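All remarks here apply to the structure that follows.
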Amino acid sequence: MSGDHSAAEVQIRDEGPMLVASAVLAGCQPAAVLAAFTDPDLVRQWWRGELTADLVPGGAYRVAFPAIPATLTGAVVSFRPGDSLEFGWAWDGEADNPPSTVLVSVAPRAAASDSTVLTIEHGPHGDNEAGQTARTEHREGWEYFLPRLVETLTGT
């Protein structure tokens, strides 16, 4: 996969307090794309994390990243198989930063029945220094990891 190709697949933009990332995954059905956030084997491949999740409202959603080392901890807000997953996001040991929420949604692409549009909404991020730092870190993380997700699921 070339960097140019993956950059064209992924778009990330600021929308007020939220970061909104999107990607079109050719040849992938929505359920397979959402599994990238719910299947421990897939999470390990693209996010390089160890997922532990109980996919019911209030259930734990935890991803340990040994290479950093850091651990994302949160709770599942909602899970609709083949449609969406919403979970809380906080880094262990960073009580100063308010937790944020990640909403992952998938939908068939209207123009191509064998493609899926992935949308991630991450926030809210405050206007204070801590909020702006979190926004920058989250944006950099999605810029790095979403092309890896595209590559993992499409092979391109």
Just by accessible area at a 1.4 angstrom probe, what is the order of Arg62, Arg135 from largest to smallest? Arg62, Arg135
Expressed in nanometres to one decimal, the distance between label points 7 Å along Cα→Cβ at Ala32 and Thr136 is 3.9 nm
Any chance you could give the angle, 0 to 90 degrees and rounded to 10, that helix 129-154 forms with the longest Cα principal axis of the chain? 30 degrees
Estimated FRET transfer efficiency (Ser22, Glu129; beta-carbon r; R0 30 Å; 0.05): 0.60
Report, in deg cm²/dmol and to the nearest 500, the calculated mean residue ellipticity at 222 nm for the chain, where each DSSP H run with n ≥ 4 adds -39500 (n - 2.57) and the sum is divided by the residue count. -9000 deg cm²/dmol
Between Asp114 and Thr156, what is 0.36 nm times their sequence separation minus the Cα-Cα distance? Round to one decimal in nm. 13.6 nm
Note down, for the chain, the three equivalent ellipsoid semi-axes (square root of 5 times each alpha carbon gyration tensor eigenvalue), biggest first, whole angstrom. 24, 18, 15
Mind checking the range 1-90 for GluC sites (Glu not before Pro) that DSSP puts in a loop (not H, G, I, E or B) and that have at most 11 other Cβ atoms within 10 Å? none
Using 1/(1 + (r/R0)^6) with R0 = 30 angstrom and r between the beta carbons of Glu15 and Arg44, what's the FRET efficiency to the nearest 0.05? 0.50
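The values are calculated or read from the model by the stated rules, or taken from the named source; none is laboratory data. Owing to the predicted nature of the structure, the values given are computational and were not obtained by experimental measurement. Neighbour counts run over all protein chains shown; Cβ positions are idealised from the backbone, glycine included. Just so you know, the surface numbers come from the protein's heavy atoms only, side chains and all, with ligands and any DNA or RNA stripped out. Shrake-Rupley method; radii C 1.70, N 1.55, O 1.52, S 1.80 Å.
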